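Report on the structure given below.
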Amino acid sequence: MTATISLPPTAEADDRSFSSSALRLSLAPAGPAPALLDGAWWPRSRDLGAELPSLTAVLDPLWGRITRVTVNPTHWPVVPRRVPVAGHVVKVGWFLAEQDPHELLLLSYRRGRWNLLVVPPQTTPVSAAWLMAAASDPLGMSTASRLMEEAARLRTVHEADRAVEAVWDSEGGHEARDPAARPRIPTVTVDMPHQAMPHQPMGR
């Protein structure tokens, strides 16, 4: 099973492409060898009471009724015990040492459990797109925290590259990339003296 709902836009996309109610969720396809993560969720805030109803509204038909959710309270300022959703109530619990701080655990009565990477709400669209794709990889073997660390590393590399390009442009590098600005190198033709090659006898 694969479900992708309102993937993050690219850096060039207009922010108006998102409605306030669009759910940003990417789920990995079901397979015989499940990955460590079942997908990623990019909420718009750290308010579980406001964010969970839209998430369970999509997941209930796919996974069965979600009855319980657990989080690590490190990144959630308030963890309510119960959250009313469409037609039922989801119980919310938390684990500090036992659960990855960037992970959301969902339980469906008699159906199973799923782990989603929680993309921080303030994440840039480019980083969010990478995180959601990585967390939805059916062969992925990275934890939520490892993916967050890798995304941070890639962002640092990208920012360093942009800084180098900015310095290059400020020093006139942009002119060097313009073919019209490059100095022309004159073509030089050299006449090589003709040298007779010694006769080589043909082998028998």
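The values are calculated or read from the model by the stated rules, or taken from the named source; none is laboratory data. Here the structure is a predicted model, which is why all the values come from computation and not from measurement. Cβ atoms come from the backbone with ideal geometry, glycine included; neighbour counts cover every protein chain shown. Surface areas here come from the heavy atoms of the whole protein model, side chains and all, with no ligands, DNA or RNA. Shrake-Rupley method; radii C 1.70, N 1.55, O 1.52, S 1.80 Å.
Can you tell me which condition VAL119 does not meet? The list is (1) over 11 Å from the mean Cα position of the chain (by Cα); (2) farther than 16 Å from ALA35 by Cβ; (3) modelled with pLDDT of 95 or more, and all the others hold.
VAL119 satisfies all of (1) over 11 Å from the mean Cα position of the chain (by Cα); (2) farther than 16 Å from ALA35 by Cβ; (3) modelled with pLDDT of 95 or more except (1).
Take the residues in the range 122-139 that are open to solvent by 20 Å² or more (accessible area, probe 1.4 Å) and part of a loop (DSSP other than H, G, I, E, B), then tell me which one is farthest from ASP100 (Cα to Cα).
THR124
Check the range 83-99 and report whether any residue there is within 24 Å of ALA133 (Cβ to Cβ) and either modelled with pLDDT of 95 or more or among the charged types (D, E, K, R) (or both). Reasoning before the result, please.
Here is the first cut: in the range 83-99, the ones within 24 Å of ALA133 (Cβ to Cβ) are 99.
Adding the requirement that they be either modelled with pLDDT of 95 or more or among the charged types (D, E, K, R) (or both) leaves 99.
Checked against the condition, which is being within 24 Å of ALA133 (Cβ to Cβ) and either modelled with pLDDT of 95 or more or among the charged types (D, E, K, R) (or both), the range 83-99 yields at least one hit.
Cβ contacts < 6 Å: first residue in contact (Cβ under 8 Å) with a residue 60 or more places away in the chain, restricted to the range 43-56; second residue crowded, with 16+ Cβ neighbours inside 10 Å, any location; separation 6+ or different chain. Result?
That search, which allows pairs on different chains as well, returns PRO43/GLU51; ARG46/TRP76.
Find the residue count for the range 72-97, including only residues that are open to solvent by 80 Å² or more (accessible area, probe 1.4 Å) and either of a type in the set (Asp, Glu) or touching a strand residue (DSSP E or B) at 6+ places or on another chain (Cβ under 7 Å) (or both).
5
Are there any pairs, at least 6 apart or on different chains, whose C-beta atoms fall under 8 Å, with the first in the range 86-112 and touching a residue at least 24 places away in the same chain (Cβ under 8 Å) and the second surrounded by 14 or more Cβ atoms within 10 Å (Cβ to Cβ) and acidic (Asp, Glu), and if so, which?
ALA86/ASP60
Hey, any hits in the range 1-16 for a residue that's open to solvent by less than 60 Å² (accessible area, probe 1.4 Å), in a strand (DSSP E or B) and modelled with pLDDT of 90 or more? Break it down stepwise before answering.
Within the range 1-16, the first condition is being open to solvent by less than 60 Å² (accessible area, probe 1.4 Å), and the residues that meet it are 3, 5-6, 8-9, 13.
Next, from what is left, pick out any that are in a strand (DSSP E or B): 3, 5.
Filter once more, so that each one left must be modelled with pLDDT of 90 or more: none.
No, the range 1-16 has no match at all.
Scan the range 42-64 for residues that are modelled with pLDDT under 95 and open to solvent by 50 Å² or more (accessible area, probe 1.4 Å) and jot them down.
Matches in the range 42-64: ALA57, PRO61, LEU62.
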